[in-house]
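Every number in this text was worked out from the coordinates using simple rules, so none of it is lab data. Because the structure is predicted, anything quoted here is derived from the model rather than measured. Don't worry about glycine lacking a Cβ; one is built from the backbone with ideal geometry, like all the others, and counts go over all protein chains shown.
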Amino acid sequence: MQERFIATAIHGRYVTVPPAAGGPAPVLVGFHGYAENAEIQLERLRAIPGSERWLMVSIQGLHRFYQRRRIWL
């Protein structure tokens, strides 16, 4: 799993999982629900049959009330 950050006026965060086989792959993107985070949605993406062949991207919603636990670059 790789974690990446997106610079915004608030902040942004997403996590990725590369395809098991490596190389070019289609992209499977998920957005979490209210009061959830990117890891919760990533588990849902992983539960989809065949998802290990896709580049999975789980995007955490932008919300000014999320706590900043890291330095955002």
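Taking the Cβ of residue 27 as the centre, find all other residues whose Cβ is under 14 Å away and add up their charges (Lys, Arg: +1; Asp, Glu: -1).
+1
Only sites in a loop by DSSP and with at most 11 other Cβ atoms within 10 Å count here; which chymotrypsin sites (Phe, Trp or Tyr not before Pro) in region 6-36 make the cut?
Taking region 6-36 and a limit of 11 other Cβ atoms within 10 Å, the loop chymotrypsin sites (Phe, Trp or Tyr not before Pro) found are 34.
Tell me the net charge near residue 52. Cut-off is 15 Å between Cβ atoms, residue 52 excluded, with +1 for each Lys or Arg and -1 for each Asp or Glu.
+2
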